[in-house]
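Let me begin by presenting the structure, written as structure tokens, before commenting on it.
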Amino acid sequence: MKVIIKSYIVLTVLLVIPGCWDSKTIQNMAYVTALGLDYKDGHYIAYIQFLNFSNVAKSEKIEIGKNVPVWIGKGEGMTVIEALNSIYATSQLRVYWGHIKAIVLKEGILKNKFALRQAYDAIDRYYEVRYNILLFTTKESFSEILSQKSLLNLSPLDTIMDTPEETYAQRSFIQPQYGYKQVAELNEKGRTVILPTLSITKEEWQEDQKEKAMFRINGAYAMHEHQLMGWFSEDDLKGVRWFNKKSKRVLVKIPDNKKPKGTLVLTKPHHRIQPLIDQDEARFNIYIKARAVVEEMTENVSVKTMEEQAAQVVRDEILTTYRKGLSTQSDLLNLFGEIYRNNPQEWHRLNDGGHLVLKEDTLNKIDIKVKIMQTGKYKGRVLPD
């Protein structure tokens with residue numbers, strides 16, 4: 001009888017107590033998808049992008065091209081967490097950080113080592129935030145950046161800021177960067193980090209007769225051990241792409257002048273940096289191999305000539321990028337980092353003695369080899385070697 005009574009009491013309690021008393025329905029939460037951070041006059045300024053996922057979810061009921069509203073919240077504080085928490089006061093809904101996909105930084109926070117370190121620490125420490133978040137910089141206003149839509153009025157989740165991989169696969173220029181990788185590289189001795197810059201352009205696209213703004217990565221900030229080295233344009237950084245194994249499709253004109261004879265697509269560049277240390281001076285040999293496909297031709301040119309002209313274009317771009325960094329001692333090609341990774345003792349000796357200095361002749365040799373693998377479906381205008 002006692003067993004029956006106890007069972008009845010337990011069953012009654014289970015029926016009275018709700019199963020998930022602390023659960024939240026998904027439509028009653030505000031989902032952060034992007035974060036903008038700046039630092040000015042001793043204060044952190046945070047902009048947060050909110051999306052209603054019912055408007056961006058893939059379903060038969062969603063109309064392609066329908067305008068997707070974006071909500072942007074702003075907060076300020078003496079610390080990063082204070083700036084973010086100040087938004088809670090007026091958010092009306094519980095804020096969830098587990099879906100944040102991109103962080104955008106302004107120059108103000110990049111210039112301040114302490115502010116940048118605190119921002120990394122605060123964001124990475126919070127349990128809801130993931131590590132695989134894209135990291136960008138910008139010179140635009142956060143209101144414009146965080147409200148930017150994609151083609152066909154698709155949501156911000158379909159822009160370069162949140163899904164840059166597809167664009168990079170077709171045009172490999174400045175590689176998208178993830179926060180966890182950037183934090184590791186900023187803490188690595190001798191390493192120069194490239195932070196892509198998001199800009200907004202209104203010159204290329206129209207919806208009917210109305211100009212439409214679109215994202216473009218137009219350059220990057222360079223940082224060395226948390227020190228801001230400067231900003232470099234897309235043209236300044238052409239040489240960096242040849243040191244990236246993930247470059248999938250790089251278009252080059254041959255020769256690179258006002259009257260090119262053809263266009264090639266170079267893929268899968270493989271590089272090797274050879275340090276040459278002579279007492280207190282470091283110089284470098286660079287070796288690069290790449291495959292190529294002929295995209296178009298305006299004149300009859302032999303395969304060998306095209307390969308030589310493409311190699312010259314690559315060589316010129318590397319030299320241009322190297323020289324752009326000379327005035328600010330920005331090691332954009334990460335030459336000194338090669339010494340640190342392979343011979344740290346020698347790196348410390350040279351660094352402590354103040355001998356790790358970029359000079360006009362620090363680049364000793366640039367050896368480029370381009371191999372044309374395909375000439376396209378139309379082969380009539382390609383001469384043999």
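The values are calculated or read from the model by the stated rules, or taken from the named source; none is laboratory data. Model, not experiment: these values are computed from the prediction. Every residue, glycine as well, gets a Cβ built from its backbone with ideal geometry; the counts of neighbours run over all protein chains shown. Just so you know, the surface numbers come from the protein's heavy atoms only, side chains and all, with ligands and any DNA or RNA stripped out. Shrake-Rupley method; radii C 1.70, N 1.55, O 1.52, S 1.80 Å.
Worth a mention:
- Whether the chain is rounded, prolate or oblate, judged on the alpha carbon gyration tensor where a/c under 1.5 counts as rounded: prolate
- Antiparallel bridge percentage (DSSP; both residues within the chain; nearest 5): 70 percent
- Distance between the stretch 106-174 and the stretch 205-225 - C-alpha centres, whole angstrom: 13 Å
- Probe 1.4 Å, accessible area per residue of the stretch 251-385, Å²: 57 Å²
- Only protein atoms count toward the accessible area here, which uses a 1.4 Å probe; on the chain, the carbon and sulfur part of that area reaches 52 percent.
- Gaussian network model of the chain, Cα within-10 Å springs - most flexible of 331, 367, 236: 367
- Calculated accessible area for the stretch 123-221 comes out at 50 Å² per residue, all protein chains present (probe 1.4 Å; ligands, DNA, RNA ignored).
- Flagged links, alpha-carbon separation over 31 Å, of 189/258; 212/324; 74/181; 149/248: 189/258; 212/324
- Candidates 137, 267, 328, ranked by Gaussian network fluctuation over the chain, Cα under 10 Å, top entry: 328
- Of 141, 327, 150, the one that fluctuates the most in a GNM where the chain has Cα springs shorter than 10 Å: 327
- This model, with +1 at the C-beta of Lys and Arg and -1 at the C-beta of Asp and Glu, gives the stretch 126-224 a dipole about its Cα centre of some 360 debye.
- Helices meeting the span-like rule in the chain (full DSSP H runs, Cα extent of at least 15 Å along the helix axis, mean Kyte-Doolittle score of -1.0 or higher): 2-16, 113-125, 303-324.
- Stokes-Einstein diffusion for the stretch 144-295 at 20 °C, viscosity 1.002 mPa s, with a Kirkwood radius from C-alpha pairs, works out to 119 µm²/s.
- Normalised contact order of the chain, rounded percent, pairs of Cα under 8 Å and 6 or more residues apart: 12 percent
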